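Here the structure comes first, spelled out in structure tokens, and everything after it is commentary.
The values are calculated or read from the model by the stated rules, or taken from the named source; none is laboratory data. In this text the structure is predicted, and so the values were computed from the model without any measurement. FYI the Cβ positions are ideal-geometry reconstructions off the backbone, even for glycines, and counts take in every protein chain you see. SASA here: full protein model, heavy atoms, side chains in, ligands and nucleic acids out. Shrake-Rupley method; radii C 1.70, N 1.55, O 1.52, S 1.80 Å.
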Amino acid sequence: MIEKIPTQTNTRDQLVNDLKSVIGDAESWLRNGSQLTGEELKSAKARFEQTLASAKVGLINAEETVVERTKVAAKATDEYVKDNPWKSVGLGAAIGVVIGMLIVRK
């Protein structure tokens, strides 16, 4: 019925590392940019662009993972509601009451 959604921590960790690398390269480039000459500047720019491209790929992969998980969760929710309509109505009403009580409290 409801499947456990696999986590992809490697993708997330790789994305975080890529973003840290992009930030580090950008900071380094800004700090030392005025001191770099011809070839050094081209090399630093190429390294920065490569790191940025890698981070973009990581973001696209993370987005695909989130979309996939959302679709699985929506499908599982839909199946549950179809299988248990009255439980779903009761749960919705209970959540509504709780939210109403929290709003009135303010």
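Brief remarks on what is shown
- Per-region count, segment 51-66, residues under 13 Å from Ser21 (Cβ atoms) and touching a residue at least 40 places away in the same chain (Cβ under 8 Å): 2
- Look at segment 26-50: where a residue is of a type outside the set (Phe, Trp, Tyr) and open to solvent by less than 50 Å² (accessible area, probe 1.4 Å) and a partner is at pLDDT 75 or above and in a helix (DSSP H, G or I), sitting 6+ places away or on another chain with Cβ atoms under 7 Å, you get Ala26/Phe48.
- Residue count, segment 67-87 (criterion: open to solvent by less than 90 Å² (accessible area, probe 1.4 Å), free of Cβ contacts under 8 Å to residues at least 12 places away in the same chain and under 29 Å from the mean Cα position of the chain (by Cα)): 6
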